[in-house]
């Protein structure tokens with residue numbers, strides 16, 4: 001049975017004080033390249049919480065979860081599945097449950113991502129969800145795939161090498177913003193089709209999802225939002241991605 005957990009006010013400084021949900025790990029696609037290979041939710045305090053949701057120690061049924069979502073104020077920003085994925089076991093999206101989630105959300109601004117593979121059925125469902133007011137960002141495995149998703153009218157995000165983030169040391173910024181922006185100009189800043197790569201602002205300045213809201217903007221899909229590798233798994237992710245500095249420098253289209 002898939003469990004859903006809802007925290008009405010997150011204490012995660014990067015997310016901000018908004019509702020955040022967690023979904024059983026059975027919803028994670030078996031094809032996800034980050035599974036056991038750099039997924040941020042597989043380590044730290046979140047991993048402990050996620051295991052308890054996945055084994056049924058915490059959480060609620062899908063119907064109870066939807067009832068809670070319907071109680072949100074209409075303009076309430078929230079984060080769907082800080083760990084886990086869209087309804088449906090493994091690689092597939094459960095059509096009935098996904099459309100019920102879309103209906104319960106009722107057009108509210110939501111920060112949601114999926115790493116379910118881009119099968120025809122999954123893409124059609126995501127397009128239908130978008131047409132009904134629920135933006136779900138597709139997690140692309142590379143910039144070429146991100147371009148493909150956006151060509152289909154769907155928003156895309158991608159994990160970037162850690163060099164795209166502002167340097168830190170012991171939890172403090174280790175370089176100034178001018179220094180960071182100067183270094184950023186040496187890295188690839190556009191996709192193969194010329195779309196801008198917008199580095200997540202939380203990797204650059206002190207902000208939160210609650211303040212930024214970029215990933216919930218239903219009107220802005222023609223940029224790729226990039227998340228620099230960070231935390232205990234960044235070396236694993238860096239190795240999988242290769243060295244970003246080897247890319248061709250682009251014009252400075254920084255969003256930070």
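The values are calculated or read from the model by the stated rules, or taken from the named source; none is laboratory data. Note that the structure is a prediction, hence the values are computed from the model and not measured. Cβ sites come from the backbone with ideal geometry, for glycine too, and all protein chains shown count toward neighbours.
Taking the criterion of being within 22 Å of residue 114 (Cα to Cα), without any contact (Cβ under 8 Å) to a residue 40 or more places away in the chain and surrounded by 15 or more Cβ atoms within 10 Å (Cβ to Cβ), would at least one residue in the stretch 180-201 satisfy it? Yes, some residue in the stretch 180-201 is within 22 Å of residue 114 (Cα to Cα), without any contact (Cβ under 8 Å) to a residue 40 or more places away in the chain and surrounded by 15 or more Cβ atoms within 10 Å (Cβ to Cβ). The condition of being outside the structural domain of residue 219 (by TED's automatic domain parsing) and more than 17 Å from the chain's Cα centre (by Cα) holds for residue 54. Residues that are more than 23 Å from residue 88 (Cβ to Cβ) and either in contact with a helix residue (DSSP H, G or I) (Cβ under 7 Å, 6 or more places away or on another chain) or touching a residue at least 24 places away in the same chain (Cβ under 8 Å) (or both) do not occur anywhere in the stretch 20-36.
Quickly run through the stretch 1-35 and pick out the residues that are in a strand (DSSP E or B) and surrounded by 22 or more Cβ atoms within 10 Å (Cβ to Cβ).
Passing the criteria: 4, 5, 20, 21, 22, 23.
Among the residues of the stretch 139-171, those that are assigned to a helix (DSSP H, G or I) and farther than 18 Å from residue 202 by Cβ comprise 143, 144, 145, 146, 147, 148, 149, 150, 151.
Per this entry, residue 140 is counted among residues that are closer than 24 Å to residue 15 by Cα and either touching a strand residue (DSSP E or B) at 6+ places or on another chain (Cβ under 6 Å) or modelled with pLDDT under 95 (or both). Looking only at the stretch 37-54, which residues are exposed (fewer than 15 other Cβ atoms within 10 Å of the Cβ) and either farther than 16 Å from residue 21 by Cα or touching a strand residue (DSSP E or B) at 6+ places or on another chain (Cβ under 8 Å) (or both)? Hits for the stretch 37-54 are 37, 43, 44. Beta carbons closer than 8 Å, at least 6 apart along the sequence or on distinct chains, pair a first residue in the stretch 135-163 that is at positive phi and in contact (Cβ under 8 Å) with a residue 24 or more places away in the chain with a second that is surrounded by fewer than 21 Cβ atoms within 10 Å (Cβ to Cβ) and not in a helix (DSSP H, G or I) for 153/221.
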